[in-house]
1. Cross-link candidates for Lys291: which lysines have Cα within less than 23 Å, leaving aside residues fewer than 8 places away along the same chain?
2. Explain nothing, just the number: dipole magnitude of the chain about its Cα centre with +1 on each Lys and Arg Cβ and -1 on each Asp and Glu Cβ, in debye rounded to the nearest 20.
3. By counting other Cβ atoms within 10 Å of each Cβ, how are His190, His213 ranked from fewest to most?
4. Take every Cα-Cα pair in region 150-300 and report what % of them are more than 24 Å apart.
5. Over 27 Å between C-alpha atoms is what I'm after, so list which of Lys32/Lys129; Lys3/Lys57; Lys104/Lys129; Lys3/Lys137 land there.
6. Please give the residues of region 68-102, grouped as numeric ranges, whose backbone N is less than 11 Å from a label point set 7 Å along the Cα-to-Cβ vector of Asn126.
7. How are the alpha carbon pair distances in region 216-300 distributed across 5 Å bins from zero to the largest one, expressed in percent?
8. Beta carbons within 10 angstrom, averaged per residue: use that to sort the peptides 68-76, 2-10, highest first.
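Values in this text are rule-based calculations from the coordinates and carry no lab data. Everything numeric in this text was worked out from a predicted model, so none of it was measured. When we count neighbours, we look across all protein chains shown, and the Cβ atoms used for this are built from the backbone with ideal geometry, even at glycine.
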Amino acid sequence: MSKILIAEDDLITSKIIERHLREWGYRVFLEKNGEDAWRTLEQENIQIALLDWMMPKMDGLQLCRRVRAVRSDPYTYLILLTARASTADIVEGLNAGADDYITKPVEPAELRARLMTGIRIIELENRNKRLQKKLEKLAREDSLTGFLNKKNIQERLEEELSRGRRENRPVSAVLLDIDNFKLINDTHGHSVGDQVILEIASRLRGSIRRHDHIGRFGGDEILVLLWHAATEPLRIVAERLCRCVSQEPIPTDAGPLQVTVSVGGASSEEHLDIPAQDLIKVSDQALYDAKHRGRNRVEIREILE
């Protein structure tokens, strides 16, 4: 049910409009002056506001300007009620932020038509906002796992390292790579490979803290950022991440597959000023050590001067 505000100091006019609006299924709020109308707009999610041009404490034009200056989300469709019908008056009202106007006395058919126009515009605005949020999400996230994509996990690492320098706290980076993932794709197909990645993503997501971050760094590489994690906590978390993947076979369309990951990590504990790319590079070297030493294991590298 759409919420509509009537800000009108003339009791008869406001009651007539209210009766029509309630008959048409709207939820109505009545105010007699601009200041009370402003408070209602602040407190309620009003879709449409019918504002009398001339009313006490704050007139319709002043109220329009205030709404547009400080309130943009959610958008409120503003209709001025006025006895003025000159082109100059209409332009002044629209320039103040009004979306439409209705001249008094108000004709019910015209009122209903203009309200329906306002509702359509509000619905279009809401659809555009939902689409914008979806596009922003797609720009941030990996489409398969829902993790941050490579660009954004790298940016997050830079932010966390900067924060770590300010607060004198370490940040750790953990790189995971699925062992023999090419063989899984070549043997069972890429759809099974995607199922493996999705299940591993789910297990990893459930094994990190709420304030840590996780991103898909490559095809089968995942980067985990651990806030306030020195070398020993890093090792504990890395071992947990390794185990959560290997402890149970992964169900797929090709049947359950025993899958493991190799894990490499590094902490900024002794070098808080390390650049993000260098921390990733050391973690990648540790990951190479884990692969070289047999896979399904964790290797932690210290950062050298």
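1. Result set, ordered by chain and number: Lys150, Lys182, Lys281.
2. In debye, rounded to 20, the chain gives about 440.
3. Taking fewest neighbouring Cβ atoms as first place, the list is His190, His213.
4. Across region 150-300, Cα pairs with separations above 24 Å total 29 percent.
5. Numbers: Lys32/Lys129 32 Å; Lys3/Lys57 23 Å; Lys104/Lys129 34 Å; Lys3/Lys137 30 Å.
In this structure, Lys32/Lys129; Lys104/Lys129; Lys3/Lys137 lie more than 27 Å apart at Cα.
6. 75
7. So the P(r) values, bin by bin, are 3, 14, 22, 25, 17, 10, 5, 3, 1, 0.
8. On the way: 68-76: 13.0, 2-10: 21.3.
Descending packing order for the listed peptides: 2-10, 68-76.
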